[in-house]
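Notes to accompany the following structure.
The values are calculated or read from the model by the stated rules, or taken from the named source; none is laboratory data. Computed from a prediction, not measured in an experiment: that's the story for all the values here. As a convention, Cβ positions derive from the backbone with ideal geometry for all residues, glycine included, and neighbour counts pool all protein chains shown.
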Amino acid sequence: MRHYLKPMSSHRHIGCAHCGALNRVPAERLGDDPVCGRCQAPLLPGEPVELRDDNFDAVAGKSDLPVLVDFWAPWCGPCRMMAPAFAQAAQQLKGRALLVKVDTDANPALAQRFAIRSIPTLVRLDAGREVKRQAGALPAGQIVAMAR
Ligand SMILES: [Zn+2]
């Protein structure tokens, strides 16, 4: 007697940061610059995307890829210092993770929901659930490691 394993899903769901539509992308196409079926915006641009209180859940909560959220604010020096490292990590993780920035001044509901006490704070979400958190600026290598 044999047991056949159910095949793993070969698709990933990715929420569009531009229009909020949930897209279904074949796993083998994740590295091919997939675009949103509704608005044609790039789904995995290889650079950080800005999310807000009103579209965070549609993207970060529903995407199957690991999501790394950088909680920051424009007046925060260490946040600005880390921005190039975060952008570099987004490039390295293109097609494998979604890197997201949330301005805590402009989006107080998210800052409160995640109980952000200092910035920058990085939060890793899997299927919308927090699995890791790190406060303070990090170099690109450590940001990449957090998404793996
Ligand atoms: Zn879209």
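Within segment 22-44, count every residue that is of a type outside the set (Asp, Glu), surrounded by fewer than 17 Cβ atoms within 10 Å (Cβ to Cβ) and away from the ligand (no atom under 11 Å from the Cβ).
Count: 5.
Somewhere in segment 62-82, is a residue among the β-branched types (Val, Ile, Thr), more than 15 Å from the ligand (Cβ to nearest atom) and at pLDDT 95 or above?
Scanning segment 62-82 turns up at least one residue that is among the β-branched types (Val, Ile, Thr), more than 15 Å from the ligand (Cβ to nearest atom) and at pLDDT 95 or above.
How many residues are assigned to a loop (DSSP other than H, G, I, E, B), among the charged types (D, E, K, R) and in contact (Cβ under 8 Å) with a residue 24 or more places away in the chain when one looks only at segment 105-126?
Count: 1.
I'm told Arg117 meets every condition in (1) in contact with a Pro (Cβ under 8 Å, 6 or more places away or on another chain); (2) exposed (fewer than 13 other Cβ atoms within 10 Å of the Cβ) except one. Can you identify the failing condition by its number?
(1)
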